[in-house]
Amino acid sequence: MLTSIVGINWGDEGKGRMVDLLAQDYDVVCRYQGGNNAGHTVVNSSGKFILNLLPSGILRPEVVNIMGNGMVIDLEHLHKELGNLKNSGIKITPDNLKISNKAIICLPYHVKQDILEEERLEDMKFGSTRRGIAPVYGDKYLKKGIRMGDLLNEDKLKKHVEQIVEWKNLTISGAYKSTAFCSDDIYNWLLKYGKEFKEYICDVSLYLDSCIRENKKIMFEAQLGALRDIDFGIYPYTSSSSTIAAYAPIGAGIPGSKLDNTIGIMKAYSSCVGEGPFTCEMFGEEANALREAGGEYGASTGRPRRVGPFDVVASKYGVKVQGADILALTKLDILSYMDRIPVVTAYDINGKITEEFPIGSELDIAQPVIEYVDGWKCDIGKCRNESELPKATYDYIKYLEDKVGCKIKYVSVGAEREDYLIL
Ligand code: GDP
């Protein structure tokens, strides 16, 4: 069975927490896109872990984890992330972690280029995480990337690096007038940080094919959400990869396989990192209260996130582009302090009221249409089944379900592994 777990909103929906929970029913968890530009936070009995590159199944010893060809991997970051987990007693070996030989390496000059471009843009900047993600995906499609598999042939790699660094310096020192990179430094960086991963690098497609023949259960774990997808998101304020479920088999390494189901992770309110249109945004005290209640600060960057009420228009669109079969509603407990809960039910675009998510200039001028529903004003963190939920909480869940047109199966009421209920 092939299942994808994806974000319905702008990312930070709590996917890591849900993957960690649901991974107990799966044999394999695959990351299929993105790099270390976002973080998944997982809290369980072993501690609190921030995962940027490793699949969230890594915290379950019986699960095999795949880093697919659709990913971009900063070796130095992976070295640190792996080290942190190993120091916490998590066992990681080539038996439970396999890295695609086709995944692209994110190099120090990608990070530099990202920073140089954001500085050039000044107040027009995109709010990049400055981790080199846009430049490295750009290079992938320019066919100037270095793949994980290239680490396995050092002589060939050396020549390849020389050519690519010469080309990259046309941009770094030529266009941006910054200090040129030295090809030996890049080569040595690759050897230094690549060394420990050599035994993990393989053709993951062969492994995944064998899993399918053995009827194993495979989960695809997305980073970020529908509205950050390079094609279907709020371009250009998107990520540089495909965050949608349909891309999962491609980015993991089994492009000929079809998904059996898609679980959409949808947050009970909205949050957004970086620049770009965010129609439901709250400001002032109201925003501060929600940000504090939800701990809405970037898992990798610590940046305060923009926050707002649940956005029906954006979420309905997210459900559609993800092709979600069922939903998990997360962070519902965070709304417990509100007397009445605001919900953005439609957008007003120059007097035209719409529930269809607009793209482009219409989105820039869209104004939120807000409705209020009753709050519950009590702690719901201990609720473990439907009958224990206050009526107003249950009504809020059903209201959202009806508005976005997809069944909510899981409801998360806390950060810990067991803080959830099934409807
Ligand atoms: P991801 O990138 O989608 O995994 O999202 P984040 O890393 O931003 O995770 C969301 C944050 O909320 C993490 O700190 C989680 O531990 C926490 N979290 C996830 N689900 C819930 C929930 O239902 N309630 C509460 N209170 N916290 C949650």
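The values are calculated or read from the model by the stated rules, or taken from the named source; none is laboratory data. Bear in mind that the values here come from a model prediction, so they are computed numbers and not experimental data. In this analysis, Cβ positions are derived from the backbone assuming ideal geometry, glycine residues included, and neighbour counts consider all displayed protein chains. The area values use the complete protein model at the heavy-atom level, side chains included, leaving out ligands, DNA and RNA. Shrake-Rupley method; radii C 1.70, N 1.55, O 1.52, S 1.80 Å.
Over the C-alpha atoms of the chain, what are the Rg and the largest Cα-to-Cα span, Dmax, in Å?
Considering the chain through its Cα atoms, Rg and Dmax are 21.6, 67 Å.
So if R0 is 22 Å, what FRET efficiency would Glu199 and Gln163 give, r being the distance between their Cβ atoms, rounded to the nearest 0.05?
In this case the efficiency is close to 0.20.
For the pair Glu119/Asn288, report the inter-label distance in nm, with labels modelled 7 Å from Cα in the Cβ direction.
3.3 nm
Evaluate E = 1/(1 + (r/R0)^6) for Lys80 and Ser361, where r is the Cβ-Cβ distance and R0 equals 45 Å; express this FRET efficiency to the nearest 0.05.
It comes to 0.60.
When we measure straight from the Cα of Lys144, which lysines land under 19 angstrom away, once same-chain ones fewer than 8 places off are left out?
Excluding near neighbours in sequence, the set is Lys102, Lys112, Lys156, Lys158, Lys159, Lys168.
If only Cα atoms are counted, what is the Rg of the range 79-160, and what is its Dmax, in Å?
Cα only, the range 79-160: 16.1, 47 Å (Rg, Dmax).
State in Å² the accessible area per residue of the range 64-160; use a 1.4 Å probe, count heavy atoms of protein chains only, and round to the nearest integer.
Value for the range 64-160: 46 Å² per residue.
Report, ordered by chain and residue number, the lysines lying within cross-link reach of Lys409, taken as a straight Cα distance under 25 Å and ignoring same-chain residues fewer than 8 apart.
Correct list for Lys409: Lys15, Lys216, Lys217, Lys258, Lys267, Lys316, Lys320, Lys331, Lys377, Lys382, Lys391, Lys398.
When Lys and Arg each count +1 and Asp and Glu each count -1, what net charge do the other residues less than 11 Å away from Lys403, Cβ to Cβ, add up to?
-3
If you fit an axis through the alpha-carbon atoms of helix 183-194 and take the longest principal axis of the Cα set of the chain, what angle between them do you get, 0 to 90°, nearest 10?
With both axes taken from Cα atoms, the answer is about 60 degrees.
Which of Ile164, Ile250, Ile230 ends up with the largest GNM mean-square fluctuation for the chain, with Cα atoms connected below 10 Å?
Sorting by GNM fluctuation, first place goes to Ile164.
Determine the share of the chain's accessible area contributed by carbon and sulfur atoms, expressed in whole percent, with a 1.4 angstrom probe.
Taking all protein chains in place, the chain shows 50 percent carbon and sulfur surface.
Quickly rank 260-266, 33-39, 195-201 as a protection proxy: mean count of other C-beta atoms within 10 Å, highest first.
Listed from highest to lowest mean packing, they are 33-39, 260-266, 195-201.
What is the extension gain from Ser88 to Lys143, computed as 0.36 nm multiplied by their sequence separation minus the C-alpha to C-alpha distance, in nm to one decimal?
Stretched out fully, the Ser88 to Lys143 stretch lengthens by 16.0 nm.
Multiply the residue gap between Ser173 and Arg213 by 0.36 nm, knock off their C-alpha separation, and tell me the result in nm, one decimal place.
Extra length available between Ser173 and Arg213 comes to 9.3 nm.
What is the local net charge at Cys30, summed over the other residues whose Cβ is closer than 10 Å to its Cβ (Lys, Arg +1; Asp, Glu -1)?
+1
Decide, for the range 179-331, between rounded, prolate and oblate: order the square roots of the alpha carbon gyration tensor eigenvalues as a ≥ b ≥ c, take rounded if a/c falls under 1.5, and otherwise choose prolate if a/b is larger than b/c, else oblate.
oblate
Got the relative contact order for the range 90-175 handy, in percent, Cα pairs under 8 Å and 6 or more residues apart?
33 percent
Given a cut-off of 19 Å, name the pairs among Lys48/Lys86; Lys143/Lys192; Lys80/Lys125 whose C-alpha atoms lie farther apart than that in the structure shown.
The pairs that break the limit, which is 19 Å between Cα atoms, are Lys143/Lys192; Lys80/Lys125.
How large is ³J(HN,Hα), in whole Hz, for each residue of the range 393-409 in order, when computed from phi with the Karplus curve 6.51 cos²θ - 1.76 cosθ + 1.60 and θ = phi - 60°, using x for Gly and Pro?
Running phi through 6.51 cos²θ - 1.76 cosθ + 1.60 with θ = phi - 60° gives 5, 4, 4, 5, 4, 5, 4, 5, 4, 5, 5, 8, x, 8, 6, 8, 9 Hz.
When ranked by the protection proxy of mean other Cβ atoms within 10 Å per residue, highest first, what sequence do the peptides 357-369, 72-84, 9-21 form?
9-21, 72-84, 357-369
What does the charge add up to near Gly298, with Lys and Arg as +1, Asp and Glu as -1, over the other residues with Cβ less than 13 Å from its Cβ?
Around Gly298, the charge tally is +4.
Under a 1.4 Å probe, what is the accessible area of the range 302-397 per residue, stated in Å²?
Accessible area per residue: 46 Å².
Counting helices only, and only those DSSP H runs with n ≥ 4, report the 222 nm mean residue ellipticity of the chain as the sum of -39,500 (n - 2.57) divided by its residues, in deg cm²/dmol to the nearest 500.
Value at 222 nm, helices only: -9000 deg cm²/dmol.
May I ask you to compute the full-extension gain from Asp231 to Leu206, defined as 0.36 nm times their residue separation minus their alpha-carbon distance, rounded to one decimal in nm?
6.1 nm
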